[in-house]
1. Scan 74, 2 and give me the residue that is within 26 Å of residue 99 (Cα to Cα) and modelled with pLDDT under 95.
2. Would you say residue 73 is without any contact (Cβ under 8 Å) to a residue 24 or more places away in the chain, closer than 21 Å to residue 18 by Cα and of a type in the set (S, T, N, Q)?
3. Considering only residues of the range 96-108 that are closer than 13 Å to residue 13 by Cβ and not small (Gly, Ala, Ser), which is surrounded by the most Cβ atoms within 10 Å (Cβ to Cβ)?
4. Given the criteria assigned to a helix (DSSP H, G or I), over 28 Å from residue 34 (Cα atoms) and either out of contact with any Cys (no Cβ under 7 Å at 6 or more places or on another chain) or modelled with pLDDT under 85 (or both), does residue 93 qualify?
5. Looking only at the range 40-95, count how many residues are polar (S, T, N, Q) and surrounded by 14 or more Cβ atoms within 10 Å (Cβ to Cβ).
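The values are calculated or read from the model by the stated rules, or taken from the named source; none is laboratory data. Since this is a predicted model, take the numbers as computed values, not measurements. Heads up, the Cβs are rebuilt from the backbone with ideal geometry, glycines too, and the neighbour counts pull from every protein chain shown.
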Amino acid sequence: MSDKFEYNELLDHYGGLLTPRQQTIANDYFREDLSLQEIAELEGISRAAVYDMIKRCREDLERYEEILHDTAQSRKRRILYARIAEEGNETIRRYIEECLDTEGGEYD
């Protein structure tokens, strides 16, 4: 996995399993798109320490997905919701929106 979008999605599902420090650094890197140097300056640590933390976050997030498959299952549900919404009436579409609202957010 190499795309920041994919890691943002993993953060949505598993960010709460990271330590508070990992959450801060991962959020700065993946969501705020800060450079390693910018994060190092904000956190008062070396660029190498930030790199190591990001690497560890990636590994942890990938491992959680490997074990739990929550992100992959969520993607499948979203596809099915879209298909159902295309076929359904307004009431069904409203229920689909409610279902989509339960699909996770930042550190649920």
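1. On the way: 2 fails: within 26 Å of residue 99 (Cα to Cα).
So the residue among 74, 2 that is within 26 Å of residue 99 (Cα to Cα) and modelled with pLDDT under 95 is 74.
2. Details: without any contact (Cβ under 8 Å) to a residue 24 or more places away in the chain: yes; closer than 21 Å to residue 18 by Cα: yes; of a type in the set (S, T, N, Q): yes.
Yes; evaluated as a whole, the condition is true for this residue.
3. Step one: of the range 96-108, the residues closer than 13 Å to residue 13 by Cβ are 102-108.
Still in the list and also not small (Gly, Ala, Ser): 102-103, 106-108.
Values: 102: 10, 103: 16, 106: 12, 107: 14, 108: 11.
In this case the residue turns out to be 103.
4. Working: assigned to a helix (DSSP H, G or I): yes; over 28 Å from residue 34 (Cα atoms): yes; either out of contact with any Cys (no Cβ under 7 Å at 6 or more places or on another chain) or modelled with pLDDT under 85 (or both): yes.
Criteria met by residue 93.
5. Initial filter on the range 40-95 (polar (S, T, N, Q)): 46, 71, 73-74, 89, 91.
From what is left, the residues that are surrounded by 14 or more Cβ atoms within 10 Å (Cβ to Cβ) are 71, 74.
Qualifying residue count for the region: 2.
Matching residues to (1) in contact (Cβ under 8 Å) with a residue 40 or more places away in the chain; (2) within 13 Å of the chain's Cα centre (by Cα):
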site	(1), (2)
58	yes, yes
68	yes, no
81	no, no
90	no, no
96	no, no
99	no, no
